[in-house]
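*Asks:* Here it is, the structure, as structure tokens.
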Amino acid sequence: MSDKVDDILVMAGEANNRMSRYFVIVTCRNSQSEIENALLSLQNQTIQPSYVIVIDDGSTDKTPAVLRKLQESWPSLYVMTNPDLGYDIGRVVSNWNLAITFARENNRPECDYHMIATDDTVYKPDYAEKILMYMKEDDKVGVASGEYGDEKHITPHGAGRFIRTSFFDRLNLYPEKMGYESAILHLCGFYGYTYNVFADARFEHIRPLGKNHHFSEFGASMRTLGYHPLYVLGRTALYLARGKPIGRLGAVYMLYHYLFFRAKRHGYYSLFDEKFRRAIKRQQGELIKRRLLGRKRNWK
């Protein structure tokens with residue numbers, strides 16, 4: 001009887017560990033000052049990733065040397081190196097897909113989640129443990145992240161984001177278009193999943209948010225995704241009033257690029273599928289109506 005109980009406990013423990021498996025994708029370029037701390041914060045998680053894939057997008061500084069040094073004592077750290085083609089934010093999502101394809105083609109251990117990290121984010125040791133705990137409690141959470149700073153967010157951040165494999169398998173790969181991070185959240189709803197931000201799972205950004213792109217992609221992505229104009233104006237007004245999370249100047253940049261962005265016919269700067277864009281616009285229009293009706297009732 002005791003042996004049977006022990007066997008059951010072992011099986012339960014193995015199942016629990018199985019549900020806690022995740023791998024991490026990290027993109028970097030010329031990040032010799034930040035990349036080591038970012039990666040060590042992943043290695044020091046209370047629930048460690050099964051493996052970490054770093055895509056070095058053509059660094060010309062000492063980043064490759066830092067990565068080679070880390071690999072010496074970290075056998076589950078894989079590094080993919082791209083040629084130096086200059087900085088291009090559009091390659092971030094294609095590098096994510098390169099990492100996912102590498103994992104599949106090289107028979108890396110199957111995981112129930114993957115995590116998106118960056119070269120300038122540092123995670124508290126219990127970050128992954130908390131996210132995994134919450135996502136195991138609710139198997140309908142397809143995407144989740146923790147929180148940084150003092151501002152409270154309602155949508156998961158790009159960095160520190162965990163994506164459930166059972167949801168992501170519906171997509172196969174990330175859409176290589178501007179707005180891909182938001183597109184995944186919309187697809188969550190369309191496929192019957194939800195997303196969440198768990199504020200007690202904490203991480204920090206080393207570099208100021210928006211340093212490289214000045215939030216131009218925020219506004220342009222709203223166009224590629226078909227955002228409702230009133231929704232965009234409402235978000236801009238909110239950011240201008242609060243001065244957070246992207247600052248008032250960031251809000252101005254966002255609105256400007258929403259209004260004046262001109263999409264390409266193909267590639268990263270092209271529009272998403274028309275059916276998908278209409279669905280997003282319709283969803284946001286219904287949300288606006290509900291909020292307006294709610295306020296009208298309160299006025300009576």
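Where a number appears in this text, it was derived from the coordinates with a stated rule and is not lab data. The shown structure was predicted, so the numbers you read here are calculated from the model rather than taken from an experiment. Virtual Cβ from ideal backbone geometry, glycine too; neighbours counted across all protein chains shown.
*Asks:* Would you mind getting me the FRET efficiency between Asn172 and Asp150? Use the beta-carbon distance for r and R0 = 41 Å, nearest 0.05.
*Replies:* For Asn172 and Asp150, the calculated efficiency is 0.65.
*Asks:* Taking only Cα atoms and a 10 Å spring cutoff, compute GNM fluctuations for the chain and point out the largest among Ile246, Ile154, Ile280.
*Replies:* Top of the fluctuation ranking is Ile154.
*Asks:* Could you state the principal axis extents of the C-alpha atoms in the chain, from the largest down, to the nearest angstrom?
*Replies:* Computed over the chain, the largest-to-smallest principal extents equal 68, 56, 36 Å.
*Asks:* Just the number, please: percent antiparallel of the DSSP beta bridges in the range 2-205, rounded to the nearest 5.
*Replies:* 30 percent
*Asks:* Turning to a different aspect of this structure: If you filter the range 253-296 for trypsin sites (Lys or Arg not before Pro), then keep DSSP loop positions with at most 15 other Cβ within 10 Å, what is left?
*Replies:* Arg262, Arg265
*Asks:* Is there a quick way to get the dipole size of the range 2-205? I mean about its Cα centre, with the Cβ of Lys and Arg at +1 and of Asp and Glu at -1; what is the value in debye to the nearest 20?
*Replies:* 320 debye
*Asks:* Taking the chain as the reference, fit the longest principal axis to its C-alpha atoms, fit the long axis of helix 180-190 to the helix C-alpha atoms, and give the angle between the two in degrees, 0 to 90, nearest 10.
*Replies:* The answer is roughly 90 degrees.
*Asks:* Among Lys140/Lys281; Lys140/Lys275; Lys124/Lys289; Lys177/Lys244; Lys62/Lys244, which pairs are too far apart, with a Cα-Cα distance over 32 Å?
*Replies:* With Cα atoms farther than 32 Å apart: Lys124/Lys289; Lys62/Lys244.
*Asks:* For the range 60-125, which trypsin sites (Lys or Arg not before Pro) are both in a DSSP coil and crowded by at most 15 other Cβ atoms within 10 Å?
*Replies:* Lys62
*Asks:* Right, next: Chymotrypsin sites (Phe, Trp or Tyr not before Pro), restricted to the range 150-195: which are DSSP loop and have at most 16 other Cβ atoms within 10 Å?
*Replies:* Tyr191
*Asks:* For the range 110-252, what relative contact order do you get, as a whole percent, if you take Cα pairs closer than 8 Å and at least 6 residues apart?
*Replies:* Contact order relative to length: 30 percent.
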